[in-house]
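Working notes, beginning with the structure itself.
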Amino acid sequence: MESSLDRYLRTHTTEQGDAQKWLEVQTNIHTNYPQMLSGPVQGRLLKILVEAIQAKKILEIGAFTGYSTGFMAQGMAADGHIDCIEINDELEDLMRQGWEKAGVANRISLHLGDAKELIPTMQGPYDLIFIDANKREYPSYYELCLPLLRQGGLMLVDDVLWDGKVYADTPAQDAQTQGVAAFNDMVAKDSRVEVVVLPLRDGISLIRKI
């Protein structure tokens, strides 16, 4: 259920377009975990950041139904391109339909498979990298992706507060919580980057490569 804070943020953020609304509805109908959708506030943040740094080359790790991908693609110039990695091939048709409706399908290459295997095959440098995939693998994704990010480029990593589990007095010991916590500690100590954690939805790290 949407909290009063989330409702306030949504109603004071530029409204999503028809293609995003359609994809949000379809995600609720056709998936078991529609709450994994980035949502219109985070989607708008991604679009604005893409526009602000004039990103022409983006790498996305974990697309779910392609909602955030569409937002980022809309923020790019016509010659921009996104490499999108997603492990669940059952969502491919829904992703492609959403991108077609948004008019951005020609800006996106979908790579289906395990991100840890596919990331090393990607050709950087990228202006922006967005990570929202298997939480237990966040430290590995970070180390694999950082060399692909250009100097001054941005990396955004979703769900870094992990429902408060990472900062609880007694942190949970499950693999996903431990993965997010290890990632947060790793980035905070990494002299190659500067980072700020934004308490938006379930937390998003905004990382700039120095």
*Taking the condition at pLDDT 95 or above, more than 17 Å from Tyr33 (Cβ to Cβ), buried (at least 21 other Cβ atoms within 10 Å of the Cβ) and of a type in the set (Lys, Arg), does Arg107 pass?*
yes
*Scan the range 196-210 for residues that are within 16 Å of the chain's Cα centre (by Cα) and in a strand (DSSP E or B) and report the count.*
8
_Among the candidates Tyr138, Tyr142, residue that is under 26 Å from Pro34 (Cβ atoms), buried (at least 19 other Cβ atoms within 10 Å of the Cβ) and not basic (Lys, Arg)_ = Tyr138
*Of everything in the range 153-210 that's polar (S, T, N, Q) and surrounded by fewer than 16 Cβ atoms within 10 Å (Cβ to Cβ), which residue is nearest to Ile48 (Cα to Cα)?*
Ser191
*Of all the residues that make up the range 40-65, how many are in contact (Cβ under 8 Å) with a residue 12 or more places away in the chain, among the small types (Gly, Ala, Ser) and out of contact with any Asp or Glu (no Cβ under 8 Å at 6 or more places or on another chain)?*
1
*Give me the pairs: first residue in the range 118-144 and over 15 Å from Glu60 (Cβ atoms), second residue among the aliphatic types (A, V, I, L, M), beta-carbon distance under 6 Å, and six or more apart or on different chains, which are they?*
Lys135/Val180; Arg136/Ala175; Pro139/Ala182; Pro139/Met186
*Number of positions in the range 161-178 that are touching a residue at least 24 places away in the same chain (Cβ under 8 Å) and of a type in the set (Phe, Trp, Tyr)*: 1
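Within the range 89-104, can you find the residues that are in contact (Cβ under 8 Å) with a residue 12 or more places away in the chain, loosely packed, with under 14 Cβ neighbours inside 10 Å and either more than 21 Å from Leu46 (Cα to Cα) or in contact with a helix residue (DSSP H, G or I) (Cβ under 6 Å, 6 or more places away or on another chain) (or both)?
The one that is in contact (Cβ under 8 Å) with a residue 12 or more places away in the chain, loosely packed, with under 14 Cβ neighbours inside 10 Å and either more than 21 Å from Leu46 (Cα to Cα) or in contact with a helix residue (DSSP H, G or I) (Cβ under 6 Å, 6 or more places away or on another chain) (or both): Asp89.
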_Cβ contacts < 9 Å: first residue on the phi > 0 side of the Ramachandran plot, restricted to the range 183-210; second residue at pLDDT below 95 and among the hydroxyl-bearing types (Ser, Thr, Tyr), any location; separation 6+ or different chain. Result?_
Arg201/Ser38
*Which one is modelled with the lowest pLDDT, of the residues in the range 4-59 that are among the hydroxyl-bearing types (Ser, Thr, Tyr), under 29 Å from Ile119 (Cα atoms) and surrounded by 15 or more Cβ atoms within 10 Å (Cβ to Cβ)?*
Ser38
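The values are calculated or read from the model by the stated rules, or taken from the named source; none is laboratory data. Because the structure is a prediction, the values reported are computed rather than measured. Positions of Cβ are backbone-derived with ideal geometry, glycine not excepted, and every protein chain shown enters the neighbour counts.
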